[in-house]
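Chemist: Before I ask anything, here is the structure I am working with.
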């Protein structure tokens with residue numbers, strides 16, 4: 001049935017998640033580090049090839065397709081899982097760790113899946129495990145946000161499933177390979193919609209800031225890495241060179257920037273910048289050249305590190321002070337200077353400062369845009385870079401650690417550096433962000449295609465520094481304009497948040513009235529005649545049918561009494577004698593024949 | 001705690017820090033105009049980049065101002081609501 005056993009990295013996490021609640025608390029911390037370390041080691045040791053093929057009914061499930069593309073995504077997911085677990089190491093509730101590990105297992109399973117069915121299976125596992133990272137925050141808002149997240153992802157999953165079935169019935173193959181992007185069938189469009197939803201491409205994006213802003217302090221560190229980047233992997237695998245993705249990606253890069261200006265919650269701001277950064281990747285997939293695909297993988301790799309670091313920094317502020325809004329924070333550099341430094345490093349990395357990780361990855365996609373003669377895409381992506389530095393590099397650090405001190409007395413007193421494991425995770429992330437930025441072969445040698453790309457040219461450094469530093473000038477000149485406002489910005493989740501209320505009002509008002517009216521009509525015209533008919537039937541039943549039946553029963557009873565008087569003894573005795581006699585007769589007949 | 005002392009040190013000399021930053025900004029634009037340092041041929045994608053020193057500086061500054069003003073205008077056009085908007 002199966003080929004030789006191949007240890008799937010996700011299996012280590014799933015087993016770990018199952019065993020974790022049984023581990024005595026004394027051994028829990030080492031165990032929490034052991035499982036992601038083993039998973040990461042397993043991911044590191046994978047050799048290219050196709051493994052874990054299992055025949056199931058008419059399908060061949062392929063659990064382990066290891067190639068250049070899946071390896072680079074698998075590697076960074078494993079690394080992120082290890083550092084994310086380290087960050088939340090002091091969390092006592094084991095279910096939180098288990099949920100996070102199952103979520104990562106879903107992501108790894110989808111990345112190494114070689115067929116659509118396996119992909120779908122792990123895709124759904126991701127959605128249903130990650131929602132707990134939101135629910136475990138245990139605020140009423142988190143519960144609602146979690147349900148919205150789940151509903152949206154269920155819709156996306158259904159689109160994906162419908163697309164997979166349609167497409168595979170058409171082609172007769174369940175293998176997960178690139179779609180024919182010049183001629184997409186209906187199934188492929190549905191699959192694309194499912195992928196784009198998980199990549200948070202507008203208008204299918206509103207679930208992301210909604211849920212990630214409501215996650216637990218360490219849950220959002222996991223959330224920010226896995227769902228969108230797994231979708232980027234799936235797009236890379238399925239739709240490279242699909243032209244439509246370039247304008248979608250560029251629009252998304254700018255969309256996130258606009259909402260980040262308006263946002264007052266630091267973690268929701270970071271969430272909008274995920275949309276913006278994933279926009280670069282989606283656009284890169286659309287360009288589809290070797291340089292672009294390399295850029296997508298490099299940027300996903302770098303992004304997971306610096307975005308994880310940024311969510312760790314803001315998560316640390318949330319964990320220590322209980323606040324994440326700029327209007328409740330400010331001036332914290334005296335209380336949490338190291339957290340400030342780590343977050344700043346994340347901010348400089350996402351802004352693509354020279355020597356930081358974003359610099360060596362983002363430029364590949366922009367360069368690929370210019371080389372594909374998509375000048376508008378190149379310029380607009382550079383404009384999005386302006387917005388990135390403006391918010392993540394400047395606004396977040398400034399309004400949390402400097403700026404006006406909006407903290408209440410209580411917040412100020414609670415604020416201090418987070419526990420050692422959180423500091424260690426942030427320090428490790430910071431070192432990685434700088435290492436990836438300084439030593440390019442570490443990242444470039446893992447990319448799917450060989451590359452001679454060199455980001456450290458005089459022109460590129462000059463271009464980047466000019467863009468970024470003059471953005472800073474604009475920031476400080478317009479600082480008053482950027483003062484945070486305690487507002488929420490309406491996004492497309494309005495349609496299912498207020499839209500649902502509207503549906504309810506319609507249901508309570510006109511629909512309820514209509515229902516009552518129909519009910520009344522039914523009672524008058526249907527129910528009452530029916531009751532009358534039923535009463536008539538009852539009388540007929542009572543007088544005629546019952547009479548007949550009773551009469552029959554009486555006559556049967558009378559006959560029984562007469563029979564009884566005819567019988568000598570008990571019926572069983574007579575029957576036994578009769579059967580014995582019959583048996584003797586049969587035996588005699590058989591013997592004589 | 002050395003880090004905190006360093007931040008305080010910089011904040012105590014804010015004027016000097018700003019002057020140094022302005023010097024760096026000016027130097028960036030000047031250096032961009034020196035062909036020996038910044039090879040534009042083969043790297044610049046369009047005519048303006050190649051022939052306008054400090055093009056990207058202007059791009060960064062104008063881009064930043066446009067993003068802030070346009071986004072705020074969008075936000076104040078009715079998109080930004082009270083925080084309890086969804087609780088009603």
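The values are calculated or read from the model by the stated rules, or taken from the named source; none is laboratory data. It should be emphasised that the depicted structure is a prediction, and the values quoted were computed from it without experimental measurement. Counting neighbours? That spans all protein chains shown, and the Cβs are built from the backbone with ideal geometry, glycine included.
Chemist: Output yes when any residue across segment A:263-275 is touching a strand residue (DSSP E or B) at 6+ places or on another chain (Cβ under 8 Å) and either more than 14 Å from chain B (Cβ to nearest Cβ) or closer than 26 Å to residue A:70 by Cα (or both), and no when none is. Full working, then the answer.
Modeler: Narrowing segment A:263-275 to residues touching a strand residue (DSSP E or B) at 6+ places or on another chain (Cβ under 8 Å): A:263-266.
Within this subset, residues satisfying the condition of being either more than 14 Å from chain B (Cβ to nearest Cβ) or closer than 26 Å to residue A:70 by Cα (or both) are A:266.
Scanning segment A:263-275, I find at least one residue that is touching a strand residue (DSSP E or B) at 6+ places or on another chain (Cβ under 8 Å) and either more than 14 Å from chain B (Cβ to nearest Cβ) or closer than 26 Å to residue A:70 by Cα (or both), so the answer is yes.
Chemist: Assess whether residue A:315 counts as being within 22 Å of residue A:83 (Cα to Cα) and in contact with a strand residue (DSSP E or B) (Cβ under 6 Å, 6 or more places away or on another chain).
Modeler: Judged against the criteria, residue A:315 is not a match.
Chemist: Of B:25, B:10, B:52, which residue is more than 9 Å from chain A (Cβ to nearest Cβ), surrounded by 14 or more Cβ atoms within 10 Å (Cβ to Cβ) and within 23 Å of the chain's Cα centre (by Cα)? Give the derivation first.
Modeler: Numbers: B:25 fails: more than 9 Å from chain A (Cβ to nearest Cβ); B:10 fails: surrounded by 14 or more Cβ atoms within 10 Å (Cβ to Cβ).
When all the criteria are applied, what remains is B:52.
Chemist: Assigned by TED's automatic domain parsing to the domain that holds residue A:435 and not in a helix (DSSP H, G or I): does that describe residue A:346?
Modeler: Answer is no for this residue.
Chemist: Residue under question is residue A:69, and the condition is that it be assigned to a helix (DSSP H, G or I), within 22 Å of residue A:129 (Cα to Cα) and assigned by TED's automatic domain parsing to the domain that holds residue A:221; does it hold?
Modeler: Working: assigned to a helix (DSSP H, G or I): yes; within 22 Å of residue A:129 (Cα to Cα): no; assigned by TED's automatic domain parsing to the domain that holds residue A:221: yes.
No; evaluated as a whole, the condition is false for this residue.
Chemist: Any residue in segment A:247-261 that is more than 19 Å from residue A:381 (Cα to Cα), surrounded by fewer than 24 Cβ atoms within 10 Å (Cβ to Cβ) and at pLDDT below 95? Step through it out loud before you land on a result.
Modeler: Initial filter on segment A:247-261 (more than 19 Å from residue A:381 (Cα to Cα)): none.
So far as segment A:247-261 goes, no, none of its residues is more than 19 Å from residue A:381 (Cα to Cα), surrounded by fewer than 24 Cβ atoms within 10 Å (Cβ to Cβ) and at pLDDT below 95.
Per-residue answers, yes or no, for (1) at pLDDT 95 or above; (2) over 23 Å from residue A:114 (Cβ atoms); (3) assigned to a loop (DSSP other than H, G, I, E, B):
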residue	(1), (2), (3)
A:6	no, no, yes
A:12	yes, no, no
A:17	yes, yes, no
A:31	yes, yes, no
A:35	yes, yes, no
A:50	no, no, no
A:54	no, no, no
A:63	no, no, no
A:76	yes, no, no
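Chemist: Tell me the residue from A:241, A:194, A:249, A:187 that is more than 14 Å from chain B (Cβ to nearest Cβ) and not in a helix (DSSP H, G or I), please. So that I can check it myself, show each step before the final result.
Modeler: Values: A:194 fails: not in a helix (DSSP H, G or I); A:249 fails: not in a helix (DSSP H, G or I); A:187 fails: not in a helix (DSSP H, G or I).
Testing whether each residue is more than 14 Å from chain B (Cβ to nearest Cβ) and not in a helix (DSSP H, G or I) leaves just A:241.
Chemist: Further, regarding this structure: Is it the case that residue A:54 is in contact with a strand residue (DSSP E or B) (Cβ under 9 Å, 6 or more places away or on another chain) and either crowded, with 17+ Cβ neighbours inside 10 Å or on the phi < 0 side of the Ramachandran plot (or both)? Full working, then the answer.
Modeler: On the way: in contact with a strand residue (DSSP E or B) (Cβ under 9 Å, 6 or more places away or on another chain): yes; either crowded, with 17+ Cβ neighbours inside 10 Å or on the phi < 0 side of the Ramachandran plot (or both): yes.
The answer is yes for residue A:54.
Chemist: Only one of (1) in contact (Cβ under 8 Å) with a residue 60 or more places away in the chain; (2) not in a loop (DSSP other than H, G, I, E, B) is not met by residue A:89, so which one is it?
Modeler: Of everything listed in (1) in contact (Cβ under 8 Å) with a residue 60 or more places away in the chain; (2) not in a loop (DSSP other than H, G, I, E, B), residue A:89 misses just condition (2).
Chemist: Considering segment A:497-540 alone, what residues qualify as being within 30 Å of the chain's Cα centre (by Cα) and either assigned by TED's automatic domain parsing to the domain that holds residue A:404 or free of Cβ contacts under 8 Å to residues at least 60 places away in the same chain (or both)? Before the answer, list the steps.
Modeler: The initial filter retains those residues of segment A:497-540 that are within 30 Å of the chain's Cα centre (by Cα), namely A:497-504.
Of everything in segment A:497-540, those that are within 30 Å of the chain's Cα centre (by Cα) and either assigned by TED's automatic domain parsing to the domain that holds residue A:404 or free of Cβ contacts under 8 Å to residues at least 60 places away in the same chain (or both) turn out to be A:498, A:499, A:500, A:501, A:502, A:503, A:504.
Chemist: Consider segment A:469-478. How many of its residues are over 35 Å from the mean Cα position of the chain (by Cα), more than 7 Å from every other protein chain (Cβ to nearest Cβ) and either farther than 20 Å from residue B:18 by Cα or touching a residue at least 60 places away in the same chain (Cβ under 8 Å) (or both)? Step through it out loud before you land on a result.
Modeler: Here is the first cut: in segment A:469-478, the ones over 35 Å from the mean Cα position of the chain (by Cα) are A:469-470, A:473-474, A:476-478.
Keeping just the survivors that are more than 7 Å from every other protein chain (Cβ to nearest Cβ) gives A:476-477.
Right, trim to either farther than 20 Å from residue B:18 by Cα or touching a residue at least 60 places away in the same chain (Cβ under 8 Å) (or both) and you get none.
Qualifying residue count for the region: 0.
Chemist: Okay, moving on. If I filter segment A:430-439 for residues that are over 27 Å from residue B:28 (Cα atoms), under 34 Å from the mean Cα position of the chain (by Cα) and surrounded by fewer than 20 Cβ atoms within 10 Å (Cβ to Cβ), do I get at least one hit?
Modeler: Within segment A:430-439 (the criterion being over 27 Å from residue B:28 (Cα atoms), under 34 Å from the mean Cα position of the chain (by Cα) and surrounded by fewer than 20 Cβ atoms within 10 Å (Cβ to Cβ)), the answer is yes, since at least one residue qualifies.
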